[in-house]
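*Asks:* Here it is, the structure in full.
Read-outs throughout are calculated quantities, based only on the coordinates presented, and are distinct from any laboratory measurement. Everything numeric in this text was worked out from a predicted model, so none of it was measured. Here the Cβ positions follow ideal geometry from the backbone for every residue, glycine too, while neighbour counts run over all protein chains shown.
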Amino acid sequence: MTVQTTDLTSLERDILAAIAAAEDERTLDDVRVKALGKKGRVSKLMKSLAAMEADERKVMGVKLNGLKTTLSDAIAERQDELHQAALDARLAAEKVDVTLPIRPHAEGRIHPVSQVFDEIITIFADMGFEVKEGPDIEDDFYNFTALNFPPGHPARDIHDTFFFHPDENGERKLLRTHTSPVQIRTMQAEKPPIRIIVPGRTYRCDSDQTHTPMFHQVEGLVIDQETHMGHLKWCLEEFTKAFFEVDDIRFRFRPHFFPFTEPSAEMDIGYTRVGNEIRVGEGDDWLEILGCGMVHPNVLKNVGLDPDVYQGFAFGMGVDRLAMLKYGIPDLRDFFAADMRWLTHYGFAALDMPNLANGLSR
Ligand code: DAH
């Protein structure tokens, strides 16, 4: 087989044209394989050298090698161009203008329960209370016995407790039914004077418009040598005024029973209903908002404090109920429905932390 120089020239022109026309690295590689690959057109010509006469092979060998180099160089150059173009395109597409303003409004909202926790903590922190927390999974001692619920006492039943299966010792852990166990944990760990509030989750087997199996409480405890019922009354009156953001509030203490306090009371606040709205602080109707009392001597004894020396008060309030009252939210179950429309309506701006100087909820 003889190869004409003119054939080589037109072959080179064709392939160079194909290289120039390749729009991406893949097409370019196809062109390379068809020319210089094992079965490519140039490689086939190289193979034909073997059958040539020595003189002819000498001339053609040089030409074919020259062609091969020209093509390889052209391919490498085109590859660089394509690579650079692809990079430029990507950089252009992924460009971020860091000087753009941030989104005009944040999407997330603070849940009313979190808001009310923050408000309550703000008020009591201002009075010198410290925040304590305890475990959600408790045992019988902390949830009941140490709080002066004797074994078999009917008050245990009204809590509708969620119990775990008994462990190897036959002991059944439980989901705490109130935040009061943290009173015990704190008095065991610290010496009076004690002045704490305990925000947290609590659990009871109950579900309707105003009850959910998981709900929230804030517990309060003050222990020293002189705190009496008058302090309790003042403290809770100041709290309710600050919480409901009113200058004056009608309230009353109604005798009640709790095993861990003696005497015990429930605090009611006055309200009126105007249409669908509840106005807190005025009017002749009463709403129960919390339980309270002087810490029972047995509770003090259970943590090793001498009731002839130490005394104090405790209280416990339902946070969800306070949130419903303050913000006019009719159904408690919506609190846990994770409905964005509900949260947009009832939620609070993320960066507006409650503070007493500017108003808690503004
Ligand atoms: N633990 C009570 C409950 O869940 C609330 C309570 C009432 C707490 C009176 C107290 C208290 O500390 O003194 O129903």
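*Asks:* Within straight cross-link reach of K241, meaning Cα distance under 29 Å, which lysines are found once same-chain residues fewer than 8 apart are removed?
*Replies:* Here the lysines satisfying the reach criterion relative to K241 are K132, K233, K326.
*Asks:* About its Cα centre, what dipole magnitude does the range 112-346 give when the only charges are +1 on Lys and Arg Cβ and -1 on Asp and Glu Cβ, stated in debye to the nearest 20?
*Replies:* Once rounded to the nearest 20, the dipole reads 100 debye.
*Asks:* Still on this structure: Show me 91-104, 223-236 ranked by packing, highest mean number of other Cβ atoms within 10 Å first.
*Replies:* Descending mean neighbour count gives 223-236, 91-104.
*Asks:* Could you check the spin-label model distance between V246 and W286? Points 7 Å from the Cα along Cα→Cβ, value in nm.
*Replies:* 1.5
*Asks:* Sticking with this structure for a sec: Which chymotrypsin sites (Phe, Trp or Tyr not before Pro) in the range 101-178 pass both tests, a DSSP loop state and at most 16 other beta-carbon atoms within 10 Å?
*Replies:* Here the chymotrypsin sites (Phe, Trp or Tyr not before Pro) that fit, given the DSSP loop and packing criteria, are F162, F164.
*Asks:* Would the range 137-240 count as rounded, prolate or oblate if I go by the C-alpha gyration tensor, calling it rounded below 1.5 in a/c and otherwise prolate when a/b exceeds b/c, oblate otherwise?
*Replies:* oblate
*Asks:* Another question, then. Compare the Cα positions of T69, N355, Q188 along the charge dipole of the chain (+1 at Cβ of Lys, Arg; -1 at Cβ of Asp, Glu; about the Cα centre) and return the one farthest towards the positive end.
*Replies:* Projecting each Cα onto the dipole axis, the largest value belongs to T69.
*Asks:* Return the FRET efficiency for the residue pair A350, D208: r is the Cβ-Cβ distance, R0 is 25 Å, and the value is rounded to the nearest 0.05.
*Replies:* Using R0 = 25 Å, I get an efficiency of 0.20.
*Asks:* Calculated FRET efficiency, H153 and H256, Cβ-Cβ r, R0 25 Å, to nearest 0.05?
*Replies:* The calculated FRET efficiency here is 0.95.
*Asks:* Efficiency by 1/(1 + (r/R0)^6): what FRET value for A93 and A17, r their Cβ-Cβ distance, R0 = 35 Å, to the nearest 0.05?
*Replies:* 0.70
*Asks:* Continuing with the same structure: Per residue, how big is the convex hull around the C-alpha atoms of the chain? Give it to me in cubic angstrom, could you?
*Replies:* In the chain, the Cα convex hull volume per residue is 288 Å³.
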